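The values are calculated or read from the model by the stated rules, or taken from the named source; none is laboratory data. The model shown is predicted, which means the values in this text are computed figures rather than measured ones. Positions of Cβ are backbone-derived with ideal geometry, glycine not excepted, and every protein chain shown enters the neighbour counts.
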Amino acid sequence: MSVGGETPEISDVVPGMSLTEAMTTQRAIRRLTDEQVSDDLVRKLIGLAVKAPTAQNDQGWEFIVVRDPKVKARLAKVNRRTYKLAGPAVARRHGHDETFMKVHRATQYQADHFEDIPVLVVCCMRNARVGWPPIIAASSYGSIMPAVQNLLLAARAAGLGATLTTMPLISNWWARRILGLPWGITPVVVVPLGWPKGRYGPTTRRPVEEVVSIDTYGNRAWLDD
C-alpha cells in the first residue's frame, strides 16, 4: 500500500541519509518555525509510515493531516489545558534536574505555540480494542506505533522537526468531536511536523548494558563483559 503513488525510500526524501544515520541522530524537536511543509512531502512521509508492520497485516491505521487554523486552535486549547494540569507538578518533581528541565521548557514552548505548528498528523486506529487484561490494548495500539516511528524517522530524514504527543487527546470525546471522528476510529497520538528551530545530532542515551537483562530481570550479564 502506498500514498500518492510509488512509496519513496528514505534516500529519496534526503539523498545520502542512511537509516542508521536517521536513527542515531533522531530526537524530539518541539520548537518549530511556522514555515509551511508541502503536501507532497507529508504524503511521502506517510507513504513511509504505512510500510510498517501491523498485527495480522490488518493495516487499521488512519491519519488526519491537520492544517486548518481553526482545528489546530481547538487542539491547541486542549493541549494547553492538559499541560497546565500536569506541567507544574512535573516541574516540582524534577526541578533539580537541569537536563530534564530543558525538555520541560521545550514542552512548554510547544504548548504555547501549538496552533503555529504547520502540520499536525493525528495517528488513529480503526476498531481499537481496550479492556482487560491490559495486554489487549497494548496489542491493539501496538499496530500503530511502528507506523508512528516510521513517520518520525522519515521526518528526521527530511530534516523536519517532529515528536509525538498525546496531550491534545486527553479527552477522547473532545478529540473525536474536534476531528469529526466516528466511534470506530480512535485517535492515539499526534505528531507535530515543521522545520526545526533546534538541531538534530548525536543523542545521549543510557548504555545498552544498563537496560538489558539476560533471561530474567536484573541479570545484567552484559555489564560484566
State the number of residues belonging to segment 132-172 that are out of contact with any strand residue (DSSP E or B) (no Cβ under 6 Å at 6 or more places or on another chain), of a type in the set (Gly, Ala, Ser) and either surrounded by 14 or more Cβ atoms within 10 Å (Cβ to Cβ) or within 19 Å of residue 61 (Cα to Cα) (or both). 9
From the options 185, 117, residue that is modelled with pLDDT of 95 or more and surrounded by 14 or more Cβ atoms within 10 Å (Cβ to Cβ): 117
Residue 174 vs (1) in contact (Cβ under 8 Å) with a residue 40 or more places away in the chain; (2) not in a helix (DSSP H, G or I): all pass except (2)
